[in-house]
Amino acid sequence: MRLPQIQIRTTDAQMDLDISKPKQYIKQPRATQHIEQPAAILEINTTRGALRIDSSQARRDLGLIGPLESSANYAQKGKQEALQGMARRAREGRQMMESAGKDQGRATIQNIAKQNHGPHRVQFNINFVPSIGSVKIDYTPGTTDINIQRREPKIDVKVNKPIHEYTPGKVTGTMVQRPSVQTDVIV
């Protein structure tokens, strides 16, 4: 016995797809920035140092004196010598006057002559020229004050937005062959 058979035939669908891919464009522009650094303020104040050297005593020790001081010294010395000379002559006159009544007149004159013109001892001593400590030095140091004012930098930044362009993709399809199912019964 033969049983009937069912025979099924199918045809697949065929599609023609047209695919356009999506397009995307992204660009990030650089940030716009402006940086400015103001210069620091620097102030320097100084006072000069002072050096004072007084060598007038050392110059006097060496015999180097000015004309005004020299003439004043000579005037003083001349006055003193004149007074000493007058005192000596008065003293000698008194000695002669006191010895006039006695027999010693001749001896008195001889003694006076020996005192005035006899050998005199000159004192000898070592003398340092100029004398120690005759140059006086005085120093006042100077000062320096430094003042710095720091100034902050000026930074101006503008962030630019990204440029973004997007075209979405698209798929279109066309049916080239439709699907079908055929069934036959074979006995």
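The values are calculated or read from the model by the stated rules, or taken from the named source; none is laboratory data. Computed from a prediction, not measured in an experiment: that's the story for all the values here. Cβ coordinates were reconstructed from backbone atoms using ideal geometry, including for glycine residues, and neighbour counts include every protein chain displayed. Protein only, heavy atoms only, side chains kept; ligands, DNA and RNA dropped before computing areas. Shrake-Rupley method; radii C 1.70, N 1.55, O 1.52, S 1.80 Å.
Under a Cβ-Cβ cut-off of 15 Å, what is the net charge of the residues other than K114 that fall near it, where Lys and Arg count +1 and Asp and Glu count -1?
Values: positive: R88, R91, R106, R121; negative: E92.
Around K114, the charge tally is +3.
If you average 1/r over all unlike Cα pairs in the chain and invert the result, what Kirkwood radius do you get in angstrom?
Values: mean 1/r = 0.0303 Å⁻¹.
It works out to 33.0 Å.
Please compute the contact order of the chain in relative form: average sequence separation of alpha-carbon pairs under 8 Å and at least six residues apart, divided by the residue count, as a percent. Mind showing how you got there, number by number?
Numbers: 220 pairs, mean separation 123.8, N = 187.
Dividing the mean separation by the residue count of the chain yields 66 percent.
Taking a virtual spin label 7 Å from the Cα of T183 along the C-beta vector, which residues in segment 1-39 bring their backbone nitrogen under 16 Å of it?
4-11
Taking 0.36 nm per residue of sequence separation and subtracting the Cα-Cα distance, how much length would be gained by fully extending the chain between E43 and D18, in nm to one decimal? Numbers along the way, then the final one.
Details: separation 25, 0.36 × 25 = 9.00 nm, distance 7.85 nm.
Gain on extension, E43 to D18, equals 1.1 nm.
Measure nothing but the geometry: give the 0 to 90° angle between the long axis through the Cα atoms of 105-117 and the longest principal axis through the Cα atoms of the chain, rounded to 10°.
20 degrees
Output the pairs from K27/K158; K21/K161; K23/K170 with a Cα-Cα distance over 21 Å in this structure; if there are none, say none. Write down the numbers at each step before the final one.
Working: K27/K158 16 Å; K21/K161 26 Å; K23/K170 11 Å.
With Cα atoms farther than 21 Å apart: K21/K161.
If each of R52 and S70 carries a label point 7 Å out from its Cα toward its Cβ, how far apart are those two points in nm?
Distance between label points: 2.7 nm.
Give the longest segment of the chain that steers clear of trypsin sites (Lys or Arg not before Pro) in DSSP loops with at most 16 neighbouring Cβ atoms within 10 Å, not counting the sites themselves.
Values: sites that count: R2, R30, R48, K102, R121, R150, R151.
Looking at the chain, 49-101 is the longest stretch - no exposed trypsin sites (Lys or Arg not before Pro) with at most 16 other Cβ atoms within 10 Å.
So what is the calculated 222 nm ellipticity per residue for the chain, using -39500 (n - 2.57) for each DSSP H run with n of 4 or more, over all residues, to the nearest 500 deg cm²/dmol?
Values: 3 runs with 52 residues, N = 187.
It lands at -9500 deg cm²/dmol.
So if each residue of separation counts as 0.36 nm, and I subtract the Cα-Cα distance between A87 and D145, what length gain in nm does that give? Walk me through the numbers before you get to the answer.
Working: separation 58, 0.36 × 58 = 20.88 nm, distance 6.77 nm.
Length gained, A87 through D145: 14.1 nm.
Carbon-plus-sulfur fraction of the accessible area of segment 1-116, 1.4 Å probe, in percent?
Numbers: 5520 of 10500 Å².
C and S fraction of accessible area: 53 percent.
With every protein chain left in place, what is the accessible area of V181 in Å² (1.4 Å probe, nearest 10)?
Taking all protein chains as shown, V181 has close to 100 Å².
Specify which residue in the list S134, Q115, V187 is farthest towards the positive end of the charge dipole of segment 102-187, using unit charges on the beta carbon of Lys, Arg (+1) and Asp, Glu (-1), about the Cα centre.
It is Q115.
What angle do you read, to the nearest 10 degrees and between 0 and 90, between the alpha-carbon axis of helix 67-99 and the longest principal axis of the chain?
The angle comes out at about 20 degrees.
Under a 1.4 Å probe, what is the accessible area of segment 3-147 per residue, stated in Å²?
Values: 13300 Å² over 145 residues.
Per residue, segment 3-147 has 92 Å² of solvent-accessible surface.
Within segment 25-40, which residues have the backbone N less than 17 Å from the label spot 7 Å out from E165 along Cα→beta-carbon, could you tell me?
Under 17 Å, as judged by backbone N against the label point of E165, lie 25-29 of segment 25-40.
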